[in-house]
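**Student:** Below you will find the structure I want to go over with you.
The values are calculated or read from the model by the stated rules, or taken from the named source; none is laboratory data. Note that the structure is predicted; figures quoted are calculated from it, not measured. All Cβ positions, glycine included, derive from the backbone under ideal geometry; neighbour counts span all protein chains shown.
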Amino acid sequence: MSAPTGETTEAAEFTEPTESRATEPTESTESTESTESRATETHPGEAPSRPLWRRTPIRVCAVVGLLALVAGGVFGGMAWRQHATDTARAEALQAGTAAAAELLSYDHRTLDAAVDQRMGLVTGDFRDRYRQLVTDTVAPAAKARQVVTTSTVVGSSVVDDDGPDQVSLLLFVNQSSEAPGLAEPLLTGSRIVMTLQDVDGRWLTSNLEPV
């Protein structure tokens, strides 16, 4: 009967180390507790830091907000430029139609004075070219034949623009010329490309070219 008792005692002694190992904390548990302790540790006078998972949404919202502001500024600038260009086209079309009728009309009696007055309608090197054309070519012929030519713009459209500062027009112009030797007015038609530039808020002609 004593033999079984000894075997039982040995078996019990054999299982004791297993129970002891099961209750010992592992290195991983100690490391986790140490990390949590350092993460929550604060110094006197300092507010506890916010966990990373809480800070991330705030950063994302800030980035999204910044991108929205940038996109709004870009699209707002594009809309403003388009509005400025549309306004320029309308203003240049109106100013160019009126200027062309005056620049292309001639009266042999007032032509010399008219050239000086029309300098306010032109700009750039076209000022010199227009004056030279009228003085050297148009005036002598008009005075010799006593010609009076009246120009009327019967059609106009914008054909090009370089932003809000320069616009090109296509003009359809009818001219009626009267002279002592003509039984009735001489009617002619032409197409002209007119380029205008915004100079200090005024649309002035920088070129006239027949097409």
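**Student:** For A98, are the conditions met, namely being exposed (fewer than 15 other Cβ atoms within 10 Å of the Cβ), at pLDDT 95 or above and within 23 Å of S157 (Cα to Cα)?
**Tutor:** On the way: exposed (fewer than 15 other Cβ atoms within 10 Å of the Cβ): yes; at pLDDT 95 or above: yes; within 23 Å of S157 (Cα to Cα): yes.
For A98, the condition - exposed (fewer than 15 other Cβ atoms within 10 Å of the Cβ), at pLDDT 95 or above and within 23 Å of S157 (Cα to Cα) - is met.
**Student:** Tally the residues that are touching a Leu at 6+ places or on another chain (Cβ under 9 Å), part of a strand (DSSP E or B) and of a type in the set (G, A, S), restricting the search to the range 172-207.
**Tutor:** Total meeting the criteria: 4.
**Student:** Going by the conditions given, is S168 closer than 30 Å to A84 by Cα and loosely packed, with under 13 Cβ neighbours inside 10 Å?
**Tutor:** The answer is no for S168.
**Student:** Restricting attention to the range 117-126, does a residue exist that is modelled with pLDDT of 95 or more, acidic (D, E) and under 34 Å from the mean Cα position of the chain (by Cα)?
**Tutor:** Scanning the range 117-126, I find at least one residue that is modelled with pLDDT of 95 or more, acidic (D, E) and under 34 Å from the mean Cα position of the chain (by Cα), so the answer is yes.
**Student:** Now a separate question. Under the condition of being in contact with a helix residue (DSSP H, G or I) (Cβ under 8 Å, 6 or more places away or on another chain) and hydrophobic (A, V, I, L, M, F, W, C), which residue from the range 83-113 is farthest from S151 (Cα to Cα)?
**Tutor:** The first filter runs over the range 83-113 and keeps only residues in contact with a helix residue (DSSP H, G or I) (Cβ under 8 Å, 6 or more places away or on another chain), leaving 84-85, 87-88, 99, 102-103, 106-108, 111-112.
Then keep just the ones that are hydrophobic (A, V, I, L, M, F, W, C); that gives 84, 88, 99, 103, 111.
Values: A84: 31, A88: 25, A99: 11, L103: 9, L111: 14 Å.
Top of the filtered list is A84.
**Student:** Name the residue, out of D125, D116, D112, D107, that is among the acidic types (D, E), touching a Ser or Thr at 6+ places or on another chain (Cβ under 9 Å) and loosely packed, with under 12 Cβ neighbours inside 10 Å. Working first, answer last.
**Tutor:** On the way: D116 fails: touching a Ser or Thr at 6+ places or on another chain (Cβ under 9 Å); D112 fails: loosely packed, with under 12 Cβ neighbours inside 10 Å; D107 fails: loosely packed, with under 12 Cβ neighbours inside 10 Å.
Matching residue, one of D125, D116, D112, D107: D125.
**Student:** Filter the range 171-182 for residues that are surrounded by fewer than 16 Cβ atoms within 10 Å (Cβ to Cβ) and in contact (Cβ under 8 Å) with a residue 12 or more places away in the chain and give the result. Working first, answer last.
**Tutor:** So in the range 171-182, the residues surrounded by fewer than 16 Cβ atoms within 10 Å (Cβ to Cβ) come out as 172, 174, 176, 178-182.
Correct list: F172, N174, S176, E178, A179, P180, G181.
**Student:** Looking at (1) within 19 Å of W203 (Cβ to Cβ); (2) part of a helix (DSSP H, G or I); (3) of a type in the set (D, E), find the lone condition where D136 falls short.
**Tutor:** (1)
**Student:** P185: in contact with an Asp or Glu (Cβ under 6 Å, 6 or more places away or on another chain) and surrounded by fewer than 16 Cβ atoms within 10 Å (Cβ to Cβ), yes or no? So that I can check it myself, show each step before the final result.
**Tutor:** Numbers: in contact with an Asp or Glu (Cβ under 6 Å, 6 or more places away or on another chain): yes; surrounded by fewer than 16 Cβ atoms within 10 Å (Cβ to Cβ): yes.
So P185 passes the test.
**Student:** Being in contact (Cβ under 8 Å) with a residue 24 or more places away in the chain and within 24 Å of T110 (Cα to Cα) is true for just one of T205, T195. Which residue is that? Before you say what the answer is, go through the steps one by one.
**Tutor:** Details: T195 fails: within 24 Å of T110 (Cα to Cα).
After ruling out the rest, the residue left standing is T205.
**Student:** Further question on the same structure: Kindly list the number of the only condition in (1) charged (D, E, K, R); (2) within 29 Å of the chain's Cα centre (by Cα); (3) more than 16 Å from R89 (Cα to Cα) that fails for K143.
**Tutor:** K143 satisfies every listed condition except (2).
**Student:** Run P210 past the list (1) surrounded by 13 or more Cβ atoms within 10 Å (Cβ to Cβ); (2) touching a Ser or Thr at 6+ places or on another chain (Cβ under 7 Å) and report the number of the one that doesn't hold.
**Tutor:** Status for P210: all satisfied but (1).
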